[in-house]
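J.: Quick one: this structure, given as structure tokens, is what I'll be asking you about.
The values are calculated or read from the model by the stated rules, or taken from the named source; none is laboratory data. Quantities reported herein were computed from a predicted structural model and do not represent experimental measurements. Cβ: placed from backbone, ideal geometry, glycine included. Neighbour counts: every protein chain shown.
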Amino acid sequence: MRTLTPLRVAVLSAGVAAVAAGAFWAGRRSAAPETAPPALELAGVSFSVSEFAALEGWKDRDPSAAIAAFARSCAVRAALDADAPANPFEALGREGATLGGAVTDWREACAAAAAFDAHAGAAAARAFFEAHFQPVALAARMAPGGDRAAPAVVEKKGRFTAYFEPYYRASAAQTPEFSAPVLARPPDLVTVDLGAFRADLAGERIAGAVVDGALAPYPDHAAINAGALDGRTEVIAFMRPADLLFLQIQGSGRLDLGDRVLSVGYDGHNGAKYVAIGKTLIEDGALTRDNVSMQTIRAWLDAAPEADARRVRESNPSYIFFRLMEDLPDPALGPLGAGGAQLAPMVSLAVDPRFTPLGAPVWVDLEGDEPFRRLMIAQDRGGAIKGPVRGDLYAGSGEEAGEFAGAFNRMGTMTVLLPRAVAGRLASGAP
């Protein structure tokens, strides 16, 4: 039987604290392009600079909560150098082209967000975004059939799902019921940004361990379950195997040990490609594309013999490591997202940061019996969130949020709001 080993707890920087709200800022609108520029086509993504009038439903929404979330992202960005890229994951494939611009491009909007009166109302909140930002619609550019010589197909719609912060029972000691260890990031795990070596690989990352002077692949999910990392990293807690699987899918959660509750958050992965276990169950004939969901996957795993359930769990070779999350600035909010700010329910959005800068406002317009239109803030990322039109909504914590997240699956469009100076440079083709 294994028991917990002491875990080194990362101390959160005071710079992550939320920005305090002040008086409403009523400054002048920045210069904007006088005419609608053409769409830009760069490295698998098409950009089309637009106007707020083109955002259906914009005048009916109150984006006040998005300003508060944006201010929290600004607090994180404030620690960066002014000339640093606002989006460190740039991968547009053209030297000098950046979607997010530099940190300095965002500072005027960030200062205004810090001074915004949270009680100013919907009209004032919309005016804030209209004064500082320009909508830029995103679309995916794909080569039909993989033929790069053929004209690209532009797809404006993408898939949007939701995720949540779950609560799970766990144990400080390994038992037959709580047998799966929640592992901290191993000290020998190395993550490499390939863009540091080749510009055309910007945004691509690999992970592994240095063995005999060379970077070698890290053990996969099955090998780790078989004990490949025993003694090489610390154990935070022990969970039911199916619960750990869903904790890894969500990326964060709260573990009830009986005498205390631990908050844990994502701290890296083993570098293996993510494979959705829902896809495995569809290929096995256990589920169909029409009925696959978080709930049906969980029901299948709970009913299956352990050997079958383990095979399906391990069909995803990717493995997620965690860290303890202590002293979060606002206990009413969720865990820290990949952008360094705490997540807000139904406001924070996980995106592919190769295309959407973390911290940027994003207008989503989703299909359904009741259209889903709102302004969100890109504050997280996820292993399954790939492509310029792909989003994952943070639904909150607990069972009700989990029910919502498990059933949420819509198609729609997304429009990122960029500082007007950045949008103007994109429109003109300037870096």
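J.: Of the conditions (1) under 30 Å from Ala216 (Cα atoms); (2) in contact with a Pro (Cβ under 9 Å, 6 or more places away or on another chain); (3) among the basic types (Lys, Arg), Arg254 satisfies every one except a single condition; which number is it?
T.: Only one criterion in (1) under 30 Å from Ala216 (Cα atoms); (2) in contact with a Pro (Cβ under 9 Å, 6 or more places away or on another chain); (3) among the basic types (Lys, Arg) is unmet by Arg254, namely (1).
J.: I'd like the full set of residues that are surrounded by fewer than 21 Cβ atoms within 10 Å (Cβ to Cβ) and not hydrophobic (A, V, I, L, M, F, W, C), limited to region 383-395.
T.: Within region 383-395, Gly383, Lys386, Gly387 qualify.
J.: In region 157-180, which residues are assigned to a strand (DSSP E or B) and within 30 Å of Gln379 (Cα to Cα)?
T.: Once the filter is applied, which keeps residues that are assigned to a strand (DSSP E or B) and within 30 Å of Gln379 (Cα to Cα), region 157-180 yields Gly158, Arg159, Phe160, Thr161, Ala162, Tyr163, Phe164, Glu165, Tyr167, Tyr168, Arg169, Ala180.
J.: How many of the residues making up region 215-238 are outside any loop (DSSP other than H, G, I, E, B) and within 24 Å of the chain's Cα centre (by Cα)?
T.: 2
J.: Scanning for something among the acidic types (Asp, Glu) and touching a residue at least 40 places away in the same chain (Cβ under 8 Å), does region 327-347 turn up at least one residue?
T.: yes
J.: If I go through region 181-199 residue by residue, how many of them are charged (D, E, K, R), surrounded by 13 or more Cβ atoms within 10 Å (Cβ to Cβ) and more than 30 Å from Asp243 (Cβ to Cβ)?
T.: The qualifying residues number 1.
J.: Tally time: how many residues in region 315-344 are surrounded by fewer than 21 Cβ atoms within 10 Å (Cβ to Cβ) and touching a helix residue (DSSP H, G or I) at 6+ places or on another chain (Cβ under 7 Å)?
T.: Residues in region 315-344 being surrounded by fewer than 21 Cβ atoms within 10 Å (Cβ to Cβ) and touching a helix residue (DSSP H, G or I) at 6+ places or on another chain (Cβ under 7 Å): 5 in total.
J.: Also, quick follow-up: Out of curiosity, is Lys273 part of a loop (DSSP other than H, G, I, E, B), within 25 Å of the chain's Cα centre (by Cα), surrounded by fewer than 16 Cβ atoms within 10 Å (Cβ to Cβ) and not assigned by TED's automatic domain parsing to the domain that holds Ala350?
T.: Yes, satisfied.
J.: Quick one: count up the residues across region 297-334 that are touching a Ser or Thr at 6+ places or on another chain (Cβ under 9 Å), more than 20 Å from Arg381 (Cα to Cα) and not aliphatic (A, V, I, L, M).
T.: Adding up the residues that qualify gives 3.
J.: Going through Ala66, Ala78 one at a time, which residue ends up being in contact (Cβ under 8 Å) with a residue 60 or more places away in the chain, crowded, with 19+ Cβ neighbours inside 10 Å and assigned by TED's automatic domain parsing to the domain that holds Ala115?
T.: Ala66
J.: Is one or more of the residues making up region 231-241 free of Cβ contacts under 8 Å to residues at least 12 places away in the same chain and surrounded by fewer than 18 Cβ atoms within 10 Å (Cβ to Cβ)?
T.: yes
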